[in-house]
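Okay, so here's the structure we're looking at.
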Amino acid sequence: MDKLRRVLAGHEDDDEERGLTAEIMDGMSWSWSTRVKGFIACFALGWVFTFLGTFCLWLPLHNSLVAFAVFFTFGNIVSVFSTFFLMGPMKQLKKMAEETRIIATAVMVLSVLLTLLAAFHWKKRALCLLFVIMQFCAMLWYSLSFIPYARNAVKSCLSGILG
């Protein structure tokens, strides 16, 4: 209906001139239920890729390490990007750079890069697994930063266990 009004008013190319930024802003004006559905779908897809990566690790393929690293890493990235649906991409990127999350974000990005280097360039299975564990821990620590007092609870539990 809006497009028809624009055409009748002589503004038919406004839509083409708006560009990517306007399309993203329109996407962020989705209803809350649509955004939650997008988050769940994207997060589930990330876990599917992560599971496929783990499955590839145990296959007797020549490049199973590369397939594992790519699927696992892509799954983690898709899972992080799923939060774009909830709060929007720019707000999420700003939150990633906040003081309480910057170290976890940096470790996560670094471990993603090191995982891919270990698989593609160095071709070392043990290093790749170490960096995947780092990815998982950094992702977990980053995720816990969104839950009030969750990091403190984990620190208390770990200090009680290690004690």
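Extending 7 Å from the Cα toward the beta-carbon at both L162 and L59 defines two label points whose distance is 3.7 nm. Between M87 and Y149, the contour length at 0.36 nm per residue exceeds the Cα-Cα span by 20.2 nm. Each residue, K37 and A106, gets one label point 7 Å from its Cα in the Cβ direction; the gap between the two is 4.1 nm.
Provide the gained length on full extension for the span A97 to F136, in nm with one decimal, where the gain is 0.36 nm per separating residue minus the Cα-Cα distance. The partial results should precede the final answer.
Working: separation 39, 0.36 × 39 = 14.04 nm, distance 1.88 nm.
12.2 nm is the gain from fully extending A97 to F136.
Here the 3J(HN,Hα) profile of the stretch 120-136, calculated from phi with Karplus coefficients 6.51, -1.76 and 1.60 at θ = phi - 60°, is 7, 9, 7, 6, 10, 5, 5, 5, 4, 5, 4, 6, 5, 5, 4, 4, 4 Hz, Gly and Pro shown as x.
For the stretch 31-162, a Kirkwood radius taken over Cα pairs fed into Stokes-Einstein (4 °C, viscosity 1.567 mPa s) yields D = 82 µm²/s.
Only four residue types carry charge here, +1 at the Cβ of Lys and Arg and -1 at the Cβ of Asp and Glu. Report the dipole size of the stretch 22-163 about the Cα centre in Debye, rounded to the nearest 20. Please list the in-between numbers first.
Values: 11 positive and 4 negative charges, 51 e Å.
Its charge dipole is roughly 240 debye.
For the peptides 143-149, 35-41, the ranking by mean Cβ contacts within 10 Å, running from highest to lowest, is 35-41, 143-149.
Please report the relative contact order for the stretch 27-163, taking Cα pairs under 8 Å with a sequence separation of at least 6, and give it as a percent rounded to a whole number. Working shown, then result.
On the way: 137 pairs, mean separation 28.7, N = 137.
Averaging sequence separation for qualifying contacts and normalising by length gives 21 percent for the stretch 27-163.
Coordinate-derived values only; no laboratory data. Note that the coordinates shown come from a computational prediction; the quantities given were computed from them, not determined experimentally. Don't worry about glycine lacking a Cβ; one is built from the backbone with ideal geometry, like all the others, and counts go over all protein chains shown.
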